[in-house]
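First up is the structure itself, then whatever we jot down about it.
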Amino acid sequence: MEPRREKRVHLFFSWNYEQEEERLNELSLQGWHFEKAGAIKGTFVQDKTIRYTYRLDYQTGLKAEKKEEYVELYRDAGWEYVNSYGAMWHYYRRPWEPGDQPRLYSDRESLAALYMRIQKVMAVMLLVNFVILSANLMNWLRWLGEKHVGFIIPVIAIYLLVFGLLGYGVVKMGKKAKAVME
């Protein structure tokens, strides 16, 4: 008999990816195990006979050969590669053991480096979005004039939300990196 599968929403912000780990671990406790990542929904398979501990890692730019080396490194440490999302977030799991809280990063320096990698990507995204908004805003004001300001205001509001989220993420990841190194 084919195991039961379900798609569930799995949105999270990069600066609090630990909450996604906690959610996956809680679902595993309930017998639902992460199988595949999607843009908004993830696929889960039901199996109440096992429980896993899940961890996420953030690595970008892994070509096929480098990715295999990367996955093998964690496999050697007892982790099973589950899936990746956006070629950035990589999901790992291992069988759960009482009292065991395994981590992918066991030293402060590599954990701080992880936080700084995430911070750097967010900062670049913030800068790129600012440049795009600035260029578009100049064109819109020139071509549309004041009579179409109703179009521009919602777009600017969306950009301000994006800037706020990215800025918050940059600050949050910087604080996490600093706290780990203290």
Problem - For q = 0.19 Å⁻¹, Debye-computed log10 I/I(0) when each Cα of the chain counts as one equal scatterer - result: -1.32
Practice task
Output ³J(HN,Hα) for the stretch 173-182: one whole-Hz value per residue in order, computed from phi by the Karplus curve 6.51 cos²θ - 1.76 cosθ + 1.60 with θ = phi - 60°, and x for Gly and Pro.
Solution key: 5, x, 5, 5, 4, 5, 4, 5, 7, 7
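What is the local net charge at E72, summed over the other residues whose Cβ is closer than 14 Å to its Cβ (Lys, Arg +1; Asp, Glu -1)?
Numbers: positive: K66, K67, R75; negative: D57, E65, E68, E69, D76, E80.
Summing Lys and Arg as +1 and Asp and Glu as -1 gives -3.
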Practice task
Under a cut-off of 23 Å between alpha-carbon atoms, report the lysines in cross-link reach of K48, not counting same-chain residues fewer than 8 places apart.
Solution key: K7, K36
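Give, rounded to the nearest 20 debye, the magnitude of the charge dipole that the stretch 108-181 has about its Cα centre when Lys and Arg contribute +1 at Cβ and Asp and Glu contribute -1 at Cβ.
320 debye
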Fill in the blank from the handout: Charge dipole of the stretch 45-156 built from unit charges on the beta carbon (Lys, Arg +1; Asp, Glu -1), centred at mean Cα; most positive-end Cα among L111, N136, A123 is N136
Practice task
Report, by chain and number, residues whose modeled amide H sits under 5 Å from the one on E80, excluding near sequence neighbours (fewer than 5 apart, same chain).
Solution key: R93, R94
Practice task
Enumerate the lysines that K172 could reach by cross-link, defined here as Cα to Cα under 22 Å, with residues fewer than 8 away along the same chain left out.
Solution key: K120
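Find, to one decimal place in angstroms, the Kirkwood hydrodynamic radius of the stretch 108-181, where the mean of 1/r is taken over every pair of different Cα atoms and then inverted.
Details: mean 1/r = 0.0720 Å⁻¹.
Across the stretch 108-181, the inverse of the average 1/r is 13.9 Å.
Would you tally the net charge around A87, using a Cβ to Cβ cut-off of less than 11 Å, leaving A87 out, and scoring K and R as +1, D and E as -1? Write out the running numbers ahead of the final one.
Working: positive: K63, K67; negative: none.
Cβ neighbours under 11 Å give a net charge of +2.
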Handout entry: For the chain, calculated [θ]222 nm from helices alone, where every DSSP H run of n ≥ 4 adds -39500 (n - 2.57)
Key = -18500 deg cm²/dmol
Fill in the blank from the handout: Quick calc: nm separation of the 7 Å Cα→Cβ label points for K120 and Q19 -> 2.6 nm
Completion exercise
Looks like the stretch 40-109, by Cα gyration tensor root eigenvalues a ≥ b ≥ c and the a/c under 1.5 rounded cutoff (else prolate when a/b is bigger than b/c, oblate otherwise), is oblate
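Evaluate the charge dipole of the chain about its Cα centre and quote only its size in Debye, nearest 20, assuming +1 on the Cβ of each Lys and Arg and -1 on the Cβ of each Asp and Glu. Spell out each step's value before the answer.
On the way: 26 positive and 22 negative charges, 123 e Å.
The dipole magnitude comes to about 600 debye.
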Completion exercise
So S134 and K178, fully extended at 0.36 nm per residue minus their Cα-Cα distance, gain in nm 12.7 nm
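The numbers here are math on the coordinates, done by the rules we state, and not lab data. Keep in mind it's a predicted model, so treat the numbers as computed, not measured. As a convention, Cβ positions derive from the backbone with ideal geometry for all residues, glycine included, and neighbour counts pool all protein chains shown.
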